[in-house]
Amino acid sequence: MADLKALSEAVIRGDHKTAVDVTRQAIDEGTDPGTILAEGLIAGMNVIGVRFKANEVYIPEVLIAARAMKMAMEILEPKLIEAGVEPLGKAIIGTVQGDLHDIGKNLVVMMLKGAGFDVTDAGVDVSPSDFVAKVNASKAQIVGLSALLTTTMPAMEKTIKAFKDAGVGAKIMIGGAPVTQGYADKIGADGYAPDAASAVDLAKSLL
């Protein structure tokens, strides 16, 4: 029997070879794809999220764990689709117009994928109209706006206004080094997360 605890531990360690091998074995044995996802991959990324919040692991460990999960997911994804396993929710994450920073955004994308979300990475320097078009095309329920510079924070407000003007009902969460809960309240965002692990909790609560 494929050991799903070993799968979650491989993700935590960032051991992509074991993660891929155990995922393959579990699929070959006919284990339910949703169970492999929940008890193996998501369980492992949840532990990483908790440790990251507690400063027990840092960005390099999160990236290595996310890579192991991603490689296992590439094998599992077709099986999840075949089995009709629905993602937790749909999200679009991007860095706002004028800002080219992507490390924080990439971490949030990985952590949300690790939690079972279907995530579209909108990239960097995304204009308000592009955000609106992407959300309308994907029917995402959650939008994440990232900014690392104080000078690009006003683009968050412009993007939220564009969503309201276009009548888009997606929930908007914001984050980035200079961003605060106070700023989120001021510009009408639905939520603020100080780090990638908190962004996952926030996204779940906004669904």
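The values are calculated or read from the model by the stated rules, or taken from the named source; none is laboratory data. This is a predicted model, so every value here is computed, not measured. Every residue, glycine as well, gets a Cβ built from its backbone with ideal geometry; the counts of neighbours run over all protein chains shown. What goes into the accessible areas is simple: the full protein's heavy atoms, side chains included, and nothing from ligands, DNA or RNA. Shrake-Rupley method; radii C 1.70, N 1.55, O 1.52, S 1.80 Å.
Could you grab the relative contact order for the chain? Cα pairs under 8 Å, six or more apart, rounded to a whole percent.
Working: 378 pairs, mean separation 37.4, N = 207.
In percent, rounded to a whole number, it is 18.
Please list the non-local residues whose amide H lies under 5 Å from the amide H of Y192, H modeled 1.01 Å from N, same-chain partners needing a gap of 5 or more.
Residues meeting the amide H criterion: I174.
How would you rank 42-50, 104-112, 60-68, highest first, on the average number of other Cβ atoms within 10 Å across their residues?
Details: 42-50: 21.4, 104-112: 24.3, 60-68: 19.0.
Answer by packing, highest mean first, reads 104-112, 42-50, 60-68.
Which cross-chain or sequence-distant (5 or more) residues have an amide H under 5 Å from the amide H of L148, H modelled 1.01 Å from N in plane?
Sorted by chain and number, the residues that satisfy this are H101.
What is the Cα centroid distance between segment 127-167 and segment 83-119, reported in whole angstrom?
Centre-to-centre (Cα) distance: 14 Å.
With all pairs of different alpha carbon atoms counted, what Kirkwood hydrodynamic radius in Å does the chain show? List each step's numbers first, then the result.
Values: mean 1/r = 0.0577 Å⁻¹.
Mean inverse Cα-Cα distance, inverted, gives 17.3 Å.
Counting only Cα atoms, I'd like the Rg/Rh figure for segment 67-151, Kirkwood definition for Rh.
On the way: Rg = 13.9 Å, Rh = 13.6 Å.
When Rh is taken as the Kirkwood radius, the ratio is 1.02.
Expressed as cubic angstrom per residue, what is the convex hull volume of the alpha carbon set of segment 91-207?
Numbers: hull volume 9.4 nm³, N = 117.
Cα-based convex hull of segment 91-207, divided per residue, equals 80 Å³.
Going through the cross-link list K53/K79; K161/K204; K70/K158, which pairs have a Cα-Cα distance over 29 Å in this structure?
Working: K53/K79 32 Å; K161/K204 23 Å; K70/K158 33 Å.
Going by Cα-Cα distance, K53/K79; K70/K158 fall outside the 29 Å limit.
For segment 8-89, just run the numbers: alpha carbon Rg, then divide by 2.2 N^0.38 Å, N being how many residues it has.
Details: Rg = 12.5 Å, N = 82, 2.2 N^0.38 = 11.7 Å.
The reported ratio for this selection is 1.07.
I'm a student and want to see the number: the projected area of the Cα convex hull of segment 158-202, averaged over all directions, in nm².
Details: hull surface 12.6 nm².
With the hull built on Cα positions only, its mean projection is 3.2 nm².
Cut-off 10 angstrom, C-alpha nodes, Gaussian network model of the chain. Which of D99, D185, D125 fluctuates the most?
Maximum fluctuation in the GNM of the chain, among the listed residues, is at D185.
For the chain, with all protein chains present and a 1.4 Å probe, just round the carbon and sulfur fraction of the accessible area to a whole percent. Display every interim value, and only then the final one.
On the way: 5380 of 9810 Å².
It is 55 percent, rounded to a whole number.
Rank-order 194-204, 83-93 by packing density, defined as the average count of other C-beta atoms within 10 Å over each peptide's residues, highest first. Before the final figure, lay out each step's value.
Working: 194-204: 21.1, 83-93: 18.3.
Highest-to-lowest ranking by the protection proxy: 194-204, 83-93.
So how exposed is K158, as accessible area in Å² (1.4 Å probe, rounded to 10)?
So the heavy atoms of K158 present about 130 Å² to solvent.
Taking the solvent-accessible surface of protein heavy atoms with a 1.4 Å probe, what is the per residue accessible area of segment 114-164 in Å²? Before the final figure, lay out each step's value.
On the way: 2210 Å² over 51 residues.
Value returned for segment 114-164: 43 Å² of accessible area per residue.
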